[in-house]
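First comes the structure, then the notes that go with it.
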Amino acid sequence: MKKVILFLFVIIFAACGEDEKPVIIDSSLPNGVLTVQRTGTFVDQNASGSAGRASIGPDTQGTTFLAFNNEFRTKLSTGTVTVWLSTSDTFTASPGTGSPNLLLVGPVRNAGENFFRIPTGVDVGKYTHVILWCGAVSVPFGNARLQ
């Protein structure tokens, strides 16, 4: 009986060891190095103070990202600045056709380095510009031509 209790005691405590801390993968950040395929410098529009560089390319696992460098800035006080990929330097929404010349990338959350994951299957080669659009006042805050 003592051997059975000792055996159970060993099994219970051996099974209850601390697990290693789980590794949390943030899918909004590139894995490894981002291979820049095209890049562009932001041109300020409507006195928004937009500046910095945008780059696009895949990470080491083949996921495409749009990245803004540490010098990126724009007026964020409106809270509605969104990033779009576009086939021109002009934001031209066309709700009737689904805006085929625009791709919503996401909202700008802060100045400095930003990463935006591009959905799988999107042909980023057709987009020539990154547009910063302020929805609150319906004006562009800047654009960068990707070359």
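Return the residues of the range 85-123 that are among the β-branched types (Val, Ile, Thr), under 21 Å from residue 35 (Cα atoms) and not in a strand (DSSP E or B); say none if nothing qualifies. Within the range 85-123, 118, 120, 122 meet the criteria. In the range 124-147, the qualifying residues are those that are part of a loop (DSSP other than H, G, I, E, B) and either at pLDDT below 95 or of a type in the set (Lys, Arg) (or both), and the one that is farthest from residue 59 (Cα to Cα) is 137. Screening residue 61 on (1) closer than 19 Å to residue 35 by Cβ; (2) in contact with a Leu (Cβ under 7 Å, 6 or more places away or on another chain) shows it passes everything except condition (2). Filtered by the rule that a residue be surrounded by fewer than 22 Cβ atoms within 10 Å (Cβ to Cβ), in contact (Cβ under 8 Å) with a residue 24 or more places away in the chain and among the hydroxyl-bearing types (Ser, Thr, Tyr), the range 104-147 gives 120, 128. Against the list (1) modelled with pLDDT of 95 or more; (2) touching a strand residue (DSSP E or B) at 6+ places or on another chain (Cβ under 9 Å); (3) assigned to a loop (DSSP other than H, G, I, E, B), the condition residue 79 fails is (1). For the range 51-60, a residue qualifies if it is of a type in the set (S, T, N, Q) and either part of a strand (DSSP E or B) or more than 16 Å from the chain's Cα centre (by Cα) (or both), and exactly one does: 55. In the range 59-77, the residue that is farthest from residue 43 (Cα to Cα) out of those that are hydroxyl-bearing (Ser, Thr, Tyr) and exposed (fewer than 13 other Cβ atoms within 10 Å of the Cβ) is 60. Inside the range 78-103, residues that are buried (at least 19 other Cβ atoms within 10 Å of the Cβ) and of a type in the set (Ser, Thr, Tyr) make up a count of 1.
Go through the residues of the range 74-95 one by one and say whether even a single one is of a type in the set (Lys, Arg) and either touching a Lys or Arg at 6+ places or on another chain (Cβ under 9 Å) or within 25 Å of residue 30 (Cβ to Cβ) (or both).
Checked against the condition, which is being of a type in the set (Lys, Arg) and either touching a Lys or Arg at 6+ places or on another chain (Cβ under 9 Å) or within 25 Å of residue 30 (Cβ to Cβ) (or both), the range 74-95 yields no hits at all.
Residues in the range 28-37 that are surrounded by fewer than 17 Cβ atoms within 10 Å (Cβ to Cβ) and in contact with a Ser or Thr (Cβ under 9 Å, 6 or more places away or on another chain): 31, 32, 33, 35, 36, 37. So is residue 48 outside any strand (DSSP E or B), at pLDDT 95 or above and touching a Leu at 6+ places or on another chain (Cβ under 8 Å) or not? So residue 48 passes the test.
The values are calculated or read from the model by the stated rules, or taken from the named source; none is laboratory data. Nothing here was measured: the structure is a model prediction, and the numbers come from that model. Cβ: placed from backbone, ideal geometry, glycine included. Neighbour counts: every protein chain shown.
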